[in-house]
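First the structure, in the form of structure tokens, and then the observations on it.
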Amino acid sequence: MNAKQTVRITSLSAMLLGIAIILHFAGLHDARQITLIAATIIAGTPIAIKAWKAIRMKAFSIELLVTIAVIGALFIGEYVESAAVTFLFLFGALLEIRTMEKTRSSLKALVDLAPLEASVLRDGKLTTIAVDDVEIGDRVIVRSGEQVPVDGPIVSGNASLNEAAITGESVPASKSLDDQVFSGTLVDNGYIEIIAERVGDDTAFARIIELVEEAQEAKSKTQKFLERFANIYTPSIVILSIIVYIFTRNIEMTLTFLVIACPGALVISAPVSIVAGIGNGARHGVLIKGGDVMEQLAKIDTVVFDKTGTLTKGRPEVTDIHSFGIDKEDLLRLTAEAELMSEHHLGQTIVREAKKRLIHLKHQAQDAQVMKGNGLLAEVDGQQLAAGNRKLMISQGIAISPTIEEYASKREKAGNTAVFISIGGEIAGIISIADQIRPEAAAALAKLRRNGIKQMIMLTGDNVHTARLVGEQLGLDSVYAELLPEDKVAAVQKLKAAGHRVAMAGDGINDAPAIATADIGLAMGKGGTDISMETADIVLMADRLDQFAHAYALSKATVNNMKQNTFFAVGTVVLLLIGVLLGKVFLASGMLIHEASVLLVILNAIRLIRYTSDKVSNRNVSEVKVNESAAPQ
Amino acid sequence: MKKAVFLMEPFSCPSCVKKIEGALSRAKGVQQVKVLFHSSKVRVEFDESVVEANELQELIVKLGYPVLNQKVS
């Protein structure tokens with residue numbers, strides 16, 4: 001029986017019930033009874049068929065209980081009850097499916113982003129083929145408004161891409177030659193040609209979907225407990241109903257017991273919350289791997305961060321250009337031209353900055369000479385240029401005036417590396433380079449603290465000076481520097497031994513052992529290319545710490561939601577049992593209450609889908625405003 | 001060894017999962033069955049020399065669960 005048939009049968013049975021009511025008021029008793037029996041049979045048959053199919057598979061189903069109860073009701077001549085129960089059961093199941101779909105809508109929204117077609121350039125001809133037919137090495141063309149069908153590097157063109165499907169970040173990112181693009185992302189504007197590197201089920205997007213699907217199935221402890229409970233609960237209700245019959249000889253009460261035995265709300269109370277929670281996370285760029293992780297995360301009180309790549313961007317950038325008697329852009333251009341061939345990461349950073357500012361590097365450096373560990377010398381545009389540290393300047397006999405020295409050491413104290421540049425034997429400027437703290441880090445850490453994190457610690461392999469500076473800027477509780485990967489593991493173990501519940505956030509490569517040791521391991525999974533996707537408990541798809549803060553708040557909300565649901569479901573069962581024993585609840589009303597409780601549990605979980613962790617602070621703001629306007633009186 | 005993914009109509013009760021998993025895992029040539037309740041999918045790993053994906057699909061349909069789509073890889 002498919003969904004369409006169920007709808008048809010349910011509405012037919014509803015119509016017959018309506019006719020029966022009219023006949024009742026018209027005083028046509030016999031016609032009423034016949035209509036009711038017809039309604040019972042029409043709605044009861046599919047239930048009975050399902051029950052039979054389950055019996056053949058040696059499964060004990062809810063449908064079986066309902067079928068027995070309905071046959072019993074017909075037997076004792078309670079036609080109103082039998083018709084109402086079969087209708088309510090079908091109608092309830094329909095509503096359940098519809099609302100349950102809602103709790104899964106976040107994931108469905110993601111799946112719907114999956115690309116279907118690809119424009120491929122083969123043998124000089126452009127053809128449109130199904131995504132599944134694209135092969136590795138194909139040259140794929142994507143235009144404005146189209147979806148990227150595969151993972152791979154851009155070989156021609158440039159575009160701004162909406163990568164929400166992968167990162168949860170909807171602000172378009174601009175990409176050009178050699179940048180990696182991912183299946184499922186959308187070309188907002190532009191034209192690109194890419195070479196297919198990963199296709200079909202191997203793309204980052206397909207793997208994310210698969211991981212989220214598996215996460216939603218992974219059962220939490222609460223969930224497992226509830227299922228075990230339901231397994232005992234259902235058969236024991238059957239035995240209880242037999243006992244009830246033996247003692248009371250009351251068939252009505254016995255049948256009612258059978259109907260309310262279905263532990264629907266109880267069984268779904270935990271999973272619906274978790275599914276909605278994980279779906280919410282996935283839409284916000286956080287992959288939470290299962291209900292267990294969700295429950296664990298909510299209990300975390302200590303967070304350990306790696307520095308490079310986690311709290312900082314992990315990629316040095318030019319933070320300031322200070323020039324003496326020369327235009328800043330000219331200084332940057334000349335230095336970049338000299339550094340163009342340099343393999344040193346600071347040199348490459350300067351070149352990258354120049355390119356970012358769209359400065360055209362037109363001159364070729366002459367007689368470039370690398371002074372290992374200190375910098376380089378070169379002739380650019382007819383001028384003798386030196387770029388490097390103090391030692392280089394001194395060895396070249398270039399004087400550093402007190403004002404310049406003062407500026408340089410000020411920059412260094414702020415966590416920068418100062419690159420001195422001299423032109424023609426005179427200091428022409430200083431370019432500061434630093435691995436900057438992520439712009440969202442401070443706010444994200446504050447939010448974590450607000451939501452209940454008691455301790456935040458940084459472990460880093462970097463030097464004490466830089467580490468302390470980052471620690472101070474972010475207000476961390478403690479900072480441990482110059483650590484080896486095994487030291488990090490030891491530190492996490494020590495925290496765990498002291499009774500803390502520890503989450504470790506790292507970039508997933510050298511931090512992998514510590515991530516595995518912590519109660520909850522978080523990895524930065526930019527683009528989902530790392531093995532970290534598989535090993536960590538939580539993956540931040542866009543490498544953004546505010547996503548972690550959201551996940552933490554979300555986990556607490558999810559666990560709360562689950563508790564509410566469980567409490568409500570258990571409460572309903574207790575009330576129903578009492579009602580039955582007192583003779584207040586009968587077949588139809590028992591089924592009605594039961595179905596209503598299932599729906600309420602699902603509706604409560606749906607609230608989680610729209611959950612945004614910022615709401616709390618917004619509300620605070622509005623409360624403050626209210627106070628202000630009230631104050632002047 | 002092949003892997004088939006069947007897309008189902010949305011499941012309404014967790015007991016369906018046990019039914020399908022039980023019946024499929026008893027079938028010949030089936031190595032592993034996983035019913036994804038929330039994403040309405042059935043994943044089966046099977047030996048293609050013993051059983052065909054269509055036979056597995058038939059088995060699921062016989063249990064009373066319509067299959068919307070089949071993907072074998």
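Just so it is clear, none of the values below were taken in a lab; they were calculated from the coordinates. Everything quoted here is computed from the prediction, not taken from an experiment. When we count neighbours, we look across all protein chains shown, and the Cβ atoms used for this are built from the backbone with ideal geometry, even at glycine.
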### Query
Could you state the number of Å between the C-alpha centres of the stretch A:10-76 and the stretch A:176-203?
56
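Per 0.36 nm of contour for each residue apart, how much would the distance between residue A:299 and residue A:126 grow if the chain were fully extended, relative to their Cα-Cα spacing? Before the final figure, lay out the partial values.
Numbers: separation 173, 0.36 × 173 = 62.28 nm, distance 5.44 nm.
Separation in residues times 0.36 nm, less the Cα-Cα distance, equals 56.8 nm.
Normalised by the residues of chain A, what does the relative contact order come to in percent, with Cα pairs under 8 Å and at least six apart?
Numbers: 1152 pairs, mean separation 91.8, N = 633.
About 15 percent, as a whole number.
Take peptide A:201-210, look around each residue's Cβ out to 10 angstrom, count Cβ atoms belonging to other protein chains, and average those counts. Don't jump to the answer; show the numbers that get you there.
On the way: counts 4, 0, 0, 0, 0, 0, 0, 0, 1, 3.
Mean shielding count: 1.
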### Using θ = phi - 60° and Karplus 6.51 cos²θ - 1.76 cosθ + 1.60, couplings along the stretch A:346-358 (whole Hz; Gly, Pro as x)
5, x, 5, 4, 5, 4, 4, 4, 4, 5, 4, 7, 6
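For residue A:135 and residue A:575 in the same chain, what is the full-extension length gain: residue separation times 0.36 nm, less their Cα-Cα distance, in nm? Walk me through the numbers on the way to the answer.
Values: separation 440, 0.36 × 440 = 158.40 nm, distance 6.03 nm.
The residue A:135-residue A:575 span can extend by a further 152.4 nm.
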### Task
Scan around residue A:429 for amide H atoms under 5 Å from its own, H built in the peptide plane at 1.01 Å from N, and keep only partners 5 or more places away or cross-chain.
A:324, A:421
### Task
Using packing as a proxy for protection, rank A:388-396, A:413-421 so that the peptide with the highest average count of other Cβ atoms within 10 Å comes first.
A:413-421, A:388-396
#### Entry: Percent RCO, i.e. relative contact order, over the stretch A:317-434, from Cα pairs under 8 Å lying at least 6 residues apart
29
#### Entry: DSSP bridge pairs, chain A: antiparallel proportion in percent, nearest 5
75
### Message
Once R0 is set to 51 Å, what does the formula 1/(1 + (r/R0)^6) return for the Cβ-Cβ distance between residue A:248 and residue B:67, expressed as a FRET efficiency to the nearest 0.05?
### Response
0.65
### Task
Please give the contour-minus-distance gain from residue A:400 to residue A:180: 0.36 nm per residue of separation, less the Cα-Cα distance, rounded to one decimal in nm.
74.9 nm
### Stokes-Einstein D in µm²/s, Kirkwood radius over Cα pairs - the stretch B:2-72 at 20 °C with 1.002 mPa s viscosity
183
### Query
So if R0 is 60 Å, what FRET efficiency would residue A:11 and residue A:381 give, r being the distance between their Cβ atoms, rounded to the nearest 0.05?
0.10
### the stretch A:183-197 residues near the modelled residue A:144 label - backbone nitrogen below 13 Å, point 7 Å along Cα→Cβ
A:187-192
### Message
Compute, for the protein assembly as shown, the length of the dipole vector about the Cα centre, with Cβ point charges of +1 (Lys, Arg) and -1 (Asp, Glu) only. Units Debye, rounded to 20.
### Response
2780
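I'd like the FRET efficiency for residue A:221 and residue A:108, computed as 1/(1 + (r/R0)^6) with the beta carbon distance as r and R0 of 25 Å, rounded to 0.05. All intermediate terms of the calculation are to be shown ahead of the outcome.
On the way: r = 27 Å, r/R0 = 1.08.
Efficiency, from the Cβ-Cβ distance: 0.40.
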#### Entry: Projected area averaged over orientations for the protein assembly as shown, convex hull of C-alpha atoms, nm²
44.7
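In terms of the ratio Rg/(2.2 N^0.38 Å) built on C-alpha atoms, what value belongs to the stretch A:1-98? Working shown, then result.
Working: Rg = 13.8 Å, N = 98, 2.2 N^0.38 = 12.6 Å.
For the stretch A:1-98, the normalised Cα radius of gyration comes out at 1.09.
If each DSSP helix of 4+ residues adds -39,500 (n - 2.57) and the sum is divided by the residues in the protein assembly as shown, what number results at 222 nm, nearest 500 deg cm²/dmol?
Details: 25 runs with 365 residues, N = 706.
Result for the protein assembly as shown, helices only: -17000 deg cm²/dmol.
Can you pull the mean other chain C-beta count within 10 Å for peptide B:59-71?
Values: counts 0, 0, 0, 3, 6, 9, 3, 3, 0, 1, 0, 0, 2.
Taking the mean over all residues of the peptide, I get 2.
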### Message
For Cα pairs less than 8 Å apart in space and 6+ apart in sequence, what is the mean separation divided by the residue count of the stretch A:111-209, i.e. the relative contact order in percent?
### Response
33
### Residues in the stretch A:301-334 that a label on residue A:412 would reach, taking backbone N under 20 Å of a point 7 Å out along Cα→Cβ
A:316-324
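Let me check I have the definition right: for the stretch A:331-403, take the eigenvalues of the Cα gyration tensor, multiply each by 5, take square roots. What are those semi-axes in whole Å, largest first?
Values: eigenvalues 82, 34, 31 Å².
After scaling each eigenvalue by five and taking roots: 20, 13, 13 Å.
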